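In what follows, a single structure is set out as structure tokens and then discussed.
The values are calculated or read from the model by the stated rules, or taken from the named source; none is laboratory data. All values derive from a computational prediction rather than experimental measurement. Note that we place each Cβ from the backbone using ideal geometry, even for glycine, and neighbour counts take in every protein chain shown.
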Amino acid sequence: MKKKLVRIILILIAICIAIFFRIVDYAFDFAIAYVQKYHQEKQEKAHIENVQKERLEQEKQKRTERQRQIENKEVKKVYININKPSELSFKSKEEIYNLRKKYVSQSIFNLPNYEPSEEVFGQIESGKPWVSMKQCKYKDTYLADVQGSSEESRYINNPELLVGVDYAFYDSYCGERRTEEIPYSTPINMIYDVEKNTVEATFVSLPFCNQGKQTWYAFKGLNARDLGYKYAYIDKEQSTFDVNFAEETNASNSIVEFQDFIHVGGSCGLESGCNNVSPNQPPLNFYYSCEDFKGYNENRIIYIKLWKDMPNSPADKADITQIIRFKRI
């Protein structure tokens, strides 16, 4: 009986030892596989990082070379890439700043150590909604949507659009259509003429020309102000579009200083407020209708002279000129 019991105990011990070594063997194989996978993932991650670094370095070299060519006037024209609008709602201020710095670094204004102007962007609040391109404004009634592409991203993502064109208000476009994306004025192409030092932005007419409604627009100098070009004047001798301004004193007969900045305002109609551009600048507001194009076969052009410091007179040479071309369709 004792011998039988000893035999059973020895068998159990042998089984336990076998199981133990099997577990050890399995654990060893698992550890080797884990280490191999870890090193493989580490190598793959390092490879991806190296590829990204090389790509960023190549892009940086291209931008540096383009900047050098522009400064030395080795190229006559630079065809500017137009970046699509993006959604900004509920992003942090740091994210917005990083986005802005990225697009400026890719632009013809690839300034060393660029930081967004505190005058223009300093009042942005993190986690707030931004008015999207799906909204409706009828005089003093403003129905905002904050989902989807944000209207101000047209400027943040496209620094070369020094002066853009936005609607001020329009009649009878609200109601059921408020969920449709408003056809904001976004250029179809932009060109920087190195020798003439002009940025030309071409628009396909203006969004509400074909609506047959009373429409007020405004020149927006958000990018111009951020990049230091604070003063503007419309050169009527160069322009082929006689703009119907809202105010008697306006950008076509006097030098105007841009006041554009982004802050949290309540005009969007939301209790929390929205990050949006202010203020309204009457000397930059103008009226536009389809009648302005009747009888003209050519495109209509507006020359906007820009300065960093207040010039002595509108006749002074501009630091840079923004050309806005309305393409007839």
When you look at Leu222, is it modelled with pLDDT of 95 or more and crowded, with 21+ Cβ neighbours inside 10 Å, yes or no?
yes
Residue pairs within 7 Å by beta carbon, gap of at least six or interchain, first lying in segment 184-195 and within 15 Å of Val163 (Cα to Cα) and modelled with pLDDT under 90, second of a type in the set (A, V, I, L, M) and outside any loop (DSSP other than H, G, I, E, B), listed first then second, are Ser185/Val165; Pro187/Ala201; Ile188/Val204
For the condition at pLDDT below 95, under 16 Å from the mean Cα position of the chain (by Cα) and part of a helix (DSSP H, G or I), what is the one hit in Lys62, Lys102, Lys84?
Lys102
So Phe121 ticks every box in (1) hydrophobic (A, V, I, L, M, F, W, C); (2) surrounded by fewer than 20 Cβ atoms within 10 Å (Cβ to Cβ); (3) at pLDDT 95 or above but one. Which box is left unticked?
(2)
Residue check: is Glu95 part of a helix (DSSP H, G or I), at pLDDT 90 or above and out of contact with any strand residue (DSSP E or B) (no Cβ under 6 Å at 6 or more places or on another chain)?
yes
Between a residue in segment 101-113 that is farther than 12 Å from Leu161 by Cα and any residue that is assigned to a helix (DSSP H, G or I) and not hydroxyl-bearing (Ser, Thr, Tyr), which pairs come within a Cβ distance under 6 Å, given they are 6 or more apart or on different chains?
Asn110/Arg63; Asn110/Gln67
